[in-house]
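> Following this message is one structure expressed as structure tokens.
Here, each number is a calculation from the coordinates, and none is a lab measurement. Predicted, not measured: the structure shown is a model, and the values here were computed from it. Backbone-built Cβ (ideal geometry, glycine too); neighbour counts: all protein chains shown.
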Amino acid sequence: MTAPSSITLSLISHTNIGKTTLARTLLRRDIGQVLDQAHVTLQNEHFVLLETSDGSQLNLWDTPGFGNSHKLLGRLQGLTNPIGWMVSQVWDRIADKPFWCSQQAIRNVRDEADVVLYLVNAAEDPSMAGYLQPELDLLTWLDKPVIVLVNQTGLIHPQEQRQLESLWRQHWVNHRVIKDVMSLDAFTRCWVQEGVLWDHVTQALPPEKHHTMKKLEKAWYATHRQIFDASMTRLAQLLAETALDGERLSQEPTGLSKKPQIKNAIHALDQRLAQRISAVTADLIELHGLTGNVPHTLKSRIEDVTVPGERKPWEEETFWGALASGAAAGLASDLATGGLSHGAFTIGGAILGALAERTYAKSQETEDSNRISWVPAFLDRQTRDALLRYLAVTHCGRGKGDYTDPREFPLFWQRATEKALEQRKDDLHQLWKLTQSPQPLTGITDRIRTNLAPLLSGMSQEILGQFYPEAKGWLIQQAR
């Protein structure tokens, strides 16, 4: 049997750039201290990022940040003579503990690292950051392959991200130790970007290490693919249950208006949907190794009911007339009761009452004019929102702390999601038609969920492949 082997990564940067925050995100757990000040990490910290069944490990070292790089390089170069050693190991340890820790960090990198992950601040112009050149001298002294990680980018359009990477890549183009440059924001990175990072690490390693890294990559992918599949299954369950949900109106001839019944029915449907969304969001958060208060997240966004670029339903002239006629959709019970907005910007053409003959859900096929349910247009919108919700969770890094829903989803997310939906609208509407079937409810739910999961999976992979084209090959290919 082949003895287990390991790959060691060292995470280094100028002080207060976000190493520990990124380490938390990669490790999926809280480690160290995260404060907005210099020299928070004073000692090298070792973590096992990934371990395979045969004991092979991917190790991660979090190190103190660099301060005075000129002075640091001088100290390290002087370690070969007795006086230099005495100053470094005795005087600095007493007189300047952060500086001494930086020396230990860089020596640890030289002794332990296979690849250096060097963080830089995306907000800085590389040509203007004076500390970069002396830190490059340190990296050259180490003589280890370096991958530059552009941190603190935030959620930006993929094209802007590539332009930012190109700017930094051009700055490093003539330096032999720099093997690649990529974006990896500790707060907004996606798991797909981590897969791209492992690809870059493999390419930076010497050939004799490739087998071990490929094995680690495969184990990493299996874990994250399982999380992805579980997320799609859970979203499919949400949509299937929503598609089949309904409220029946009383058929007794009371001679009174049915509007109070309709209002109560819409409210009941609305509340059940809010509960399902809350439960699914909690599941997604847990699956991705995050924490967060979902009910608080939902209640904090009552006013946020549309994706940026859309008009709110009550800004449309036809909305109030539709509400008065009993044909209102979506936010009818929310407006009447101050209820939840579902935390997903969902509203617009949602529930249609049985009295709205031209648009209500199922009367023509089932001749059931006393049942209120969700119509296909709303189910399409719920599908979009489910995908947006997944994107929001999977782009949240552990270093950010508790997950909270974004106040607004990026517009490029919306456009990519709606394009993917448009391409599969016919398939989705075939599934919505199943809700009109007289078959037992359980059988229909299972059938819809089983067919929805691969549809959601395909759309999500296409969207992620569009955002991160470097990952498209393995993201799509390995999923088959």
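> So what are the ³J(HN,Hα) numbers for the range 217-231, from phi and the Karplus equation (6.51, -1.76, 1.60; θ = phi - 60°), rounded to whole Hz, Gly and Pro as x?
4, 4, 5, 4, 4, 4, 5, 6, 5, 5, 5, 4, 5, 5, 5
> Take the residue pairs Lys214/Lys419; Lys144/Lys400; Lys400/Lys472; Lys179/Lys472; Lys19/Lys400 and return only those whose Cα atoms are more than 24 Å apart. Intermediate results must be reported in sequence, preceding the final value.
On the way: Lys214/Lys419 34 Å; Lys144/Lys400 30 Å; Lys400/Lys472 27 Å; Lys179/Lys472 21 Å; Lys19/Lys400 13 Å.
From the list (Lys214/Lys419; Lys144/Lys400; Lys400/Lys472; Lys179/Lys472; Lys19/Lys400), the Cα-Cα distance tops 24 Å for Lys214/Lys419; Lys144/Lys400; Lys400/Lys472.
> Report the full-extension gain for the segment Glu160 to Asp30: residue separation times 0.36 nm, less the Cα-Cα distance, to one decimal in nm.
Gain on stretching Glu160 to Asp30: 43.8 nm.
> Can you order the peptides 183-189, 53-59, 261-267, 446-452 by their average number of other Cβ atoms within 10 Å per residue, highest first?
Working: 183-189: 23.3, 53-59: 15.9, 261-267: 20.3, 446-452: 17.6.
Per-residue mean Cβ counts within 10 Å order the peptides as 183-189, 261-267, 446-452, 53-59.
> Let me ask something additional. In terms of modelled amide H atoms, which long-range or inter-chain residues lie less than 5 Å from the amide H of His14?
For His14, whose amide H was placed from the backbone, the distant partners under 5 Å are Phe66.
> Could you go through the range 450-466 in sequence order and give the Karplus-derived ³J(HN,Hα) for each residue, using 6.51 cos²θ - 1.76 cosθ + 1.60 with θ = phi - 60°, rounded to whole Hz, and x for Gly and Pro?
Result, rounded to whole Hz: 4, 7, 6, 4, x, 5, 4, 4, x, 5, 5, 5, 5, 5, 5, x, 5.
> Run the dipole for the range 185-288 about the Cα centre, Lys and Arg Cβ at +1, Asp and Glu Cβ at -1, nothing else charged, and hand back the magnitude in debye, nearest 20.
The dipole magnitude comes to about 160 debye.
> Does the range 160-263 come out rounded, prolate or oblate, given a ≥ b ≥ c as the square roots of the eigenvalues of its C-alpha gyration tensor, rounded meaning a/c under 1.5 and, failing that, prolate meaning a/b above b/c?
Numbers: a/c = 8.79, a/b = 2.71, b/c = 3.24.
Oblate is the answer for the range 160-263, as a/c is 1.5 or above yet b/c matches or exceeds a/b.
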